[in-house]
Structures are given as C-alpha cells and as structure tokens.
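K.L.:
If you scroll down you'll find the structure; I have some questions about it.
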Amino acid sequence: MTGIRPLREDDWPQVETIFAAGIAEGEATFETRTPTWEQFDTAKIPDARLVAVDGAGIITGWAAASRVSSRDAYRGVIEHSVYIHPDHRGRGIGRQVLLAFLDAADTAGYWTVQSSIFPENTASIRLHEQAGFRIIGTRQRIARSELGPHAGTWRDTVLVERRSTRNGTGSST
C-alpha cells in the first residue's frame, strides 16, 4: 500500500534518485542533470509537492510543479511533473500521486495544470487522459535531447492540460 504525503527536504536524496532515473531513460525530460535541493525548492511551488511512500518508508514516486509565468494573469497556471521509480511502475502509483497532486493544486487555487510529454511515453499520456487532461497539440521539434537513447535528436512534445472544476470557472475568478 502506498501513502501520499507532502514532499520534505529530507526526502530529496530519494526524490533526486528517481529524477535521475527519468533523465537517464530519456523519456521523461529534457533535463541533463538533477538540480540541487535549493534549486528544486526555489523552482517548485510549495503547495503541491507530493511523494508516494511505501509501507517501508521508501519513496516510490513524486509530483511537483512550477509556475508557467511570473505574469499575474497566469498565477493560476502551473506545469507539473510526475516521476515513478522504475522498480515501482505499473502498480497504480502514478495514478495515486497524480490524483493527489491535482487535488492539492485545486485546493491551492490553481485553475490550469499542464505538462509536456514525449509522444513515445504513451503510458504517461494515457494516465493524464484518464485523470481528465486533454491533448492540446503536439509541439514539433521543440528541443534536442542531449542524453539517453534520443541524444542528438530533435524531440516533439505533446502538450496536455486540465482545467479545474473548482477554480477559474466563472467570470469573477
């Protein structure tokens, strides 16, 4: 059984290990190295950072988000990431952490959650669609991969978004 709780600073070594695995596999991010805790902490919004923890206290996945813009008009729009440890995939942990993340984002007042997913990552696209995201479109040759199996190649990304049913639904919010 997996529990979901807020991500803490002392979780960083395990979170960083999962992040590094996603970088090495080449299907999760354009990043080429993990940030320091200080960089991560500064870049990610504090009110929707979660970890999935198994019964032994091992972190099996995490979710976090950044603002898409510093402009006030976009204050309710965030871009998220969900990472699951390779040894724990296919067990529903991604769904658990994503749904808990979306609830935390709604509670914090965000009205749009978005993400860019490599089209080859069909499991992530399916997971997001099942969680209420819609595909906005494909951004072609958005950047070149520097690591992993796609090193040196231009990569497309599928842009997905989910509108909150609680926030940003009326003309006055």
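Coordinate-derived values only; no laboratory data. Because the structure is a prediction, the values reported are computed rather than measured. Cβ placement follows ideal geometry from the backbone for every residue including glycine, while neighbour counts extend to all protein chains displayed.
K.L.:
Return the sequence-ordered ³J(HN,Hα) values of the range 34-40 in whole Hz as given by the Karplus equation 6.51 cos²θ - 1.76 cosθ + 1.60 applied to θ = phi - 60°, using x for Gly and Pro.
P.N.:
Running phi through 6.51 cos²θ - 1.76 cosθ + 1.60 with θ = phi - 60° gives 6, x, 6, 4, 4, 5, 4 Hz.
K.L.:
Give me, ordered by chain and number, the residues 5 or more places off Gly61 or on other chains with an amide H under 5 Å from its own placed amide H.
P.N.:
Placed amide hydrogens put Ala52, His85 under 5 Å from Gly61.
K.L.:
Also: For Rg and Dmax of the Cα atoms in Å, the listed values are (1) 15.7, 47; (2) 42.2, 145; (3) 15.8, 51; which was obtained by calculation from the structure presented?
P.N.:
Here the calculated entry is (1).
K.L.:
Nothing charged except the Cβ atoms of Lys and Arg (+1) and of Asp and Glu (-1): what's the magnitude of the dipole of the range 3-163 about its Cα centre? Round to the nearest 20 debye.
P.N.:
The dipole of the range 3-163 has a size of about 540 debye.
K.L.:
Non-local amide H neighbours of Phe118 (under 5 Å, H modeled in plane, Pro and chain starts lacking H): which ones?
P.N.:
So Phe118 has HN proximity to Val158.
K.L.:
Where Lys and Arg each count +1 and Asp and Glu each count -1, what net charge lies around Thr2 among other residues with Cβ under 14 Å from its Cβ?
P.N.:
Cβ neighbours under 14 Å give a net charge of +2.
K.L.:
Then there is this: What percent does the relative contact order of the range 1-157 come to when contacts are Cα pairs within less than 8 Å and at least six residues apart? Provide the component values of the computation, followed by the final result.
P.N.:
On the way: 249 pairs, mean separation 36.3, N = 157.
It comes to 23 percent, rounded to a whole number.
K.L.:
For the chain, what does -39500 (n - 2.57) per DSSP helix run (n ≥ 4), summed and divided by total residues, give at 222 nm, in deg cm²/dmol to the nearest 500?
P.N.:
Value at 222 nm, helices only, nearest 500: -8000 deg cm²/dmol.
K.L.:
Rank Thr107, Thr153, Thr60 by mean-square fluctuation in a GNM of the chain with C-alpha springs under 10 angstrom and give only the top-ranked residue.
P.N.:
Result for the chain, Cα springs under 10 Å: Thr153 fluctuates most.
K.L.:
Which residues make up the longest stretch of the chain clear of trypsin sites (Lys or Arg not before Pro) that lie in a DSSP loop with no more than 12 other Cβ atoms within 10 Å, not counting the sites?
P.N.:
The longest uninterrupted stretch comes out as 72-173.
K.L.:
Now for a separate question. List the residue ranges in the chain for DSSP H helices whose C-alpha atoms run 20 angstrom or more along the long axis and whose Kyte-Doolittle average is -1.0 or above.
P.N.:
Sorted by number, the helices that extend far enough and score high enough are 93-107.
K.L.:
Between Asp10 and Ala24, with labels modelled 7 Å along Cα→Cβ, what's the label distance in nm to one decimal, could you check?
P.N.:
According to this spin-label approximation, the distance is 2.6 nm.
K.L.:
Remind me, what semi-axes does the range 78-136 give for its equivalent ellipsoid, largest first in whole Å, using sqrt of 5 times each Cα gyration tensor eigenvalue?
P.N.:
19, 15, 9
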